[in-house]
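**Student:** Structure provided below as structure tokens; questions to follow.
The values are calculated or read from the model by the stated rules, or taken from the named source; none is laboratory data. Predicted, not measured: the structure shown is a model, and the values here were computed from it. Reconstructed Cβ throughout: ideal geometry from the backbone, glycine too, with neighbour counts over all protein chains shown.
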């Protein structure tokens, strides 16, 4: 249906300066039901109107002007998290190591089997889906954390270190009953079902005594 959310329709961005390669990849990916957008160069891709959609990038390493590795670096600077699958006819080990260390999903040397590429693409899309879901969870946690009072945030930061109510009370110069009451408010507002869950929430949010 046309009104489905963007994350329901993954897009594979193919960037390769060889028209025949672009056509072959487009045919392969569309044959398995994937949406494809084709680009002949990195500037063409960077200048295009790209919605924040679920997907991944299939990227040739050697391109005129900005190379595939240059684009990978540029996208990192721009805060793009789209997984990248590199393809090349001239790959070498140092190049592949560099690409993988920078977060690439796969580094395929031509000629590669269609299934190798499809497997890498499905892995990339799944990782992007997981990242988006995790980002959504963190955003919800931020909203809950924002609903806490300053004192509740301070106490939460101490609670997740494993300190006892008595220790927290002494640290913050408040009564033990005050800490106990605030702990209850924190658990309710953060919707944490257990201490362990609250600790995981704090970890996702980067909450610590030093950050407050």
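**Student:** For a quick check of your reading: which helices (runs of 4 or more DSSP H) sit entirely within region 14-89 and have at least 1 residues that are free of Cβ contacts under 8 Å to residues at least 60 places away in the same chain, surrounded by 14 or more Cβ atoms within 10 Å (Cβ to Cβ) and in contact with a helix residue (DSSP H, G or I) (Cβ under 7 Å, 6 or more places away or on another chain)?
**Tutor:** The qualifying helices (runs of 4 or more DSSP H) are 42-46, 68-77.
**Student:** Another question, if that's okay. Under 30 Å from residue 192 (Cβ atoms), in the same structural domain as residue 36 (by TED's automatic domain parsing), surrounded by 12 or more Cβ atoms within 10 Å (Cβ to Cβ) and touching a strand residue (DSSP E or B) at 6+ places or on another chain (Cβ under 9 Å): does that describe residue 127?
**Tutor:** Spelling it out, residue 127 is indeed under 30 Å from residue 192 (Cβ atoms), in the same structural domain as residue 36 (by TED's automatic domain parsing), surrounded by 12 or more Cβ atoms within 10 Å (Cβ to Cβ) and touching a strand residue (DSSP E or B) at 6+ places or on another chain (Cβ under 9 Å).
**Student:** Just one of (1) in contact with a helix residue (DSSP H, G or I) (Cβ under 9 Å, 6 or more places away or on another chain); (2) under 30 Å from residue 55 (Cα atoms); (3) surrounded by 13 or more Cβ atoms within 10 Å (Cβ to Cβ) trips up residue 110, so point out which.
**Tutor:** Just one mismatch for residue 110, condition (3).
**Student:** While we're here: Limited to region 90-107, what total is found for residues that are over 16 Å from the mean Cα position of the chain (by Cα) and buried (at least 20 other Cβ atoms within 10 Å of the Cβ)?
**Tutor:** Looking only at that region, the number is 3.
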